[in-house]
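Accompanying notes for the structure given below.
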Amino acid sequence: MVASTDDTGLAAPAVRPGPKSPALASAARTRGSLAALLGNTGIRLLVPVLILAAWWGLSQSEVGSLIVAPPFEAFERVFTDFFSADAGRFFLGDATFDHFFPSVYRAMAGLLLAVVLGVALGVALGIVPVLTALFQPLIHLGRSLPSPALLGVFFFLFGTGDSPKIFLIAFSVVWPILFNTIDGVQSVGTGRMQAAAVFKISRWNVLTQIILPGAGPKIFAGVRTAMSLSLIIMIISELQKAENGLGYLLIRSQRDFDYTGFWSVLIVLAALGVALNFIFVFAERRALAWHRGVTQQND
């Protein structure tokens, strides 16, 4: 606000700056949002760029060049093996059909089986504390067993096909789902259960409308941990008695001293993990939208 005087010496009325036009305000907000987006994107890309630079530097060293393929050659190998120019095959290469899809099937089948068993048992044990106390020693014993060491046992019990690999993955990843489900069910609280009993709500509605939604955030946290573990156990299960899969491709390329192929498989595994994480985060946000709205949490 600026005051001025006229020729008579009297103070002239102050001149107030007019309000900004909606177009200017919108443009300013757009520039601010764009700058914030570019800043966040730059920060997120900083670590991958540093990793690629370190990878390239290691591949150029005298010792590292013997076992570390240059990143450009590894990425080129990914497109050569896992993609093609054939539109009839959806531009996918032989390695995608022979190794990638079988591995994804085993990992997802094992994870799905673990989710079904973990949630079902977790709800039952969480609702009935007596069952929790009764089976707690057995549960802790199963969790403490090293899953990779049981690979031979699963091969002996279920043969050498996909079944032992799927069951091993399910056995290995069921524990975080089970424990998180038990904890989530027990955290629902007796107040809600007593209110449901007062209003004579059916057991099915109590389960689907009170218990599972209340335990949902912790269940999803357990599934997210199990999803990461499923990829690790998938690779381990394919290192022996396998004829296809990414784990088989890893060990074959290592035995053939094909280190470019070895690193290309690692790139595919990393891309698979990132893609599954994005899909899971999308599904989690849709399923737990009510939870974020209540607790005012945003990722």
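Ser147 versus (1) modelled with pLDDT of 90 or more; (2) open to solvent by less than 40 Å² (accessible area, probe 1.4 Å); (3) closer than 20 Å to Gly110 by Cα; (4) within 24 Å of the chain's Cα centre (by Cα): which is the lone unmet condition?
(1)
Determine which single condition Leu178 fails, assuming it passes every other condition in (1) within 25 Å of the chain's Cα centre (by Cα); (2) under 17 Å from Val104 (Cα atoms).
(2)
Each row is one residue, and each column tells you yes or no for (1) basic (Lys, Arg); (2) in contact with an Asp or Glu (Cβ under 6 Å, 6 or more places away or on another chain); (3) open to solvent by less than 30 Å² (accessible area, probe 1.4 Å); (4) within 19 Å of Val173 (Cβ to Cβ).
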residue	(1), (2), (3), (4)
Ser228	no, no, no, yes
Asn244	no, yes, no, no
Tyr248	no, yes, no, no
Asp258	no, no, no, no
Ile267	no, no, yes, no
Asn277	no, no, no, yes
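Being open to solvent by 20 Å² or more (accessible area, probe 1.4 Å), aliphatic (A, V, I, L, M) and part of a helix (DSSP H, G or I) is the filter here, so list the residues in segment 199-218 that pass it. Give the derivation first.
Within segment 199-218, the subset open to solvent by 20 Å² or more (accessible area, probe 1.4 Å) is 199-205, 207-210, 212-214, 217-218.
Now narrow it down to the ones that are aliphatic (A, V, I, L, M): 201, 207, 210, 212.
Residues satisfying the conditions are Leu207, Ile210, Leu212.
Select from segment 82-108 the residues that are on the phi < 0 side of the Ramachandran plot and outside any helix (DSSP H, G or I) and write down the one among them that is least open to solvent (accessible area, probe 1.4 Å). Walk me through how you get there before you give the answer.
Filtering segment 82-108 for residues on the phi < 0 side of the Ramachandran plot gives 82-89, 92-108.
In the following step, the residues that additionally are outside any helix (DSSP H, G or I) were identified as 83-86, 92-93.
Numbers: Phe83: 93, Ser84: 46, Ala85: 98, Asp86: 73, Leu92: 36, Gly93: 4 Å².
Selected residue: Gly93.
Kindly check whether there is at least one residue in segment 60-71 that is modelled with pLDDT of 55 or more, open to solvent by 80 Å² or more (accessible area, probe 1.4 Å), part of a helix (DSSP H, G or I) and under 30 Å from Tyr259 (Cβ atoms).
Let us first name the residues in segment 60-71 that are modelled with pLDDT of 55 or more, namely 60-71.
Those left that are additionally open to solvent by 80 Å² or more (accessible area, probe 1.4 Å): 60, 62-63, 66-67.
Those left that are additionally part of a helix (DSSP H, G or I): 60, 66.
Then drop every residue that is not under 30 Å from Tyr259 (Cβ atoms), which leaves 60, 66.
Taking every residue of segment 60-71 in turn, at least one turns out to be modelled with pLDDT of 55 or more, open to solvent by 80 Å² or more (accessible area, probe 1.4 Å), part of a helix (DSSP H, G or I) and under 30 Å from Tyr259 (Cβ atoms).
Please indicate, with yes or no, whether at least one residue in segment 93-102 is more than 25 Å from the chain's Cα centre (by Cα), within 30 Å of Asp81 (Cβ to Cβ) and at pLDDT 90 or above.
Within segment 93-102, one or more residues are more than 25 Å from the chain's Cα centre (by Cα), within 30 Å of Asp81 (Cβ to Cβ) and at pLDDT 90 or above.
Do we find a residue being of a type in the set (Val, Ile, Thr), modelled with pLDDT under 90 and open to solvent by 40 Å² or more (accessible area, probe 1.4 Å) anywhere in segment 157-165? First the steps, then the outcome.
Taking segment 157-165 as the starting set, the residues that turn out to be of a type in the set (Val, Ile, Thr) are 160.
Of the ones still in play, those that are also modelled with pLDDT under 90 are 160.
Subsequent filtering for residues that are open to solvent by 40 Å² or more (accessible area, probe 1.4 Å) retains 160.
Yes; the residues of segment 157-165 include at least one that is of a type in the set (Val, Ile, Thr), modelled with pLDDT under 90 and open to solvent by 40 Å² or more (accessible area, probe 1.4 Å).
The values are calculated or read from the model by the stated rules, or taken from the named source; none is laboratory data. Nothing here was measured: the structure is a model prediction, and the numbers come from that model. Neighbour counts are summed over all protein chains in view; Cβ atoms, including those assigned to glycine, are modelled from backbone coordinates with ideal geometry. The accessibility values were calculated without ligands, DNA or RNA, using every heavy atom of the protein model including side chains. Shrake-Rupley method; radii C 1.70, N 1.55, O 1.52, S 1.80 Å.
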